[in-house]
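Written out below as structure tokens is the structure these notes cover.
The values are calculated or read from the model by the stated rules, or taken from the named source; none is laboratory data. For clarity, every value in this text was computed on a predicted model and none was experimentally measured. Positions of Cβ are backbone-derived with ideal geometry, glycine not excepted, and every protein chain shown enters the neighbour counts. These accessible areas exclude ligands, DNA and RNA; they are computed on the full protein's heavy atoms, side chains included. Shrake-Rupley method; radii C 1.70, N 1.55, O 1.52, S 1.80 Å.
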Amino acid sequence: MQSRSPLLAHQPQYVLVAQRLIEDVTSGRYPVGSLLPTEFDLCTQFGVSRHTVREAIRRLLDRGLVTRQRGIGTTVKANRVETRYVQTTAKIADLPRYVEDTLLVTTQAEEVIADEVLAELLKCPPGQRWMKVTGFRHVNKGKLPMALTDIYINAAYGGSVNSSAR
């Protein structure tokens, strides 16, 4: 991979590619509304695999810099990184990553019965029992919480709930 600025060799390739693409977007090389090069072109440009390019682009997606659309490509939507935490959970297999990325410190656990509004939210019949766990999510063991989280667990799976969980 060619280098315009010193890069830390101990970082994974996808991080290096993402850093370079972020620099290119924020500097205006790829202006808002333009398309990034294709995955194939980026693989060639950086001398990396398609998997590496996809992971790098995912980092840009997570930072709110680009959007992707099948058949169109990756479009630049902003030239500044959004300061936000994004946890994508598109399938059950993504849930362990959420648990690994954050720490949940529970503040309350209670059994609730789904009224009509809650039943609609939970896609269950009214009257169903649930365990509601409330807590603060922390990133990287930070002292300040990043989010207040309510988790609803079907009572059939509730079991016991600790006051501090991962």
Requested in this report: State to the nearest 20 debye the size of the charge dipole of the stretch 9-70 about its Cα centre, where the only charges are +1 on K and R beta carbons and -1 on D and E beta carbons.
Outcome: 180
Requested in this report: Pop a pseudo-label 7 angstrom from the Cα along the beta-carbon direction at both Asp24 and Tyr157 and give the gap in nm to one decimal.
Outcome: 4.1
Query raised in the report: DSSP loop trypsin sites (Lys or Arg not before Pro) in the stretch 12-74 with at most 10 other Cβ atoms within 10 Å of their Cβ, which ones?
Result: Arg70
Query raised in the report: Hey, rough spin-label estimate for His51 and Glu110, points 7 angstrom out along Cα→Cβ, what's it come to in nanometres?
Result: 4.7
Query raised in the report: With every protein chain in place, what's the accessible area of Val81 (1.4 Å probe, Å², nearest 10)?
Result: 60
Query - Stretch gain in nm, segment Asp101-Arg68, where the contour uses 0.36 nm per residue and the Cα spacing is subtracted - result: 9.5 nm
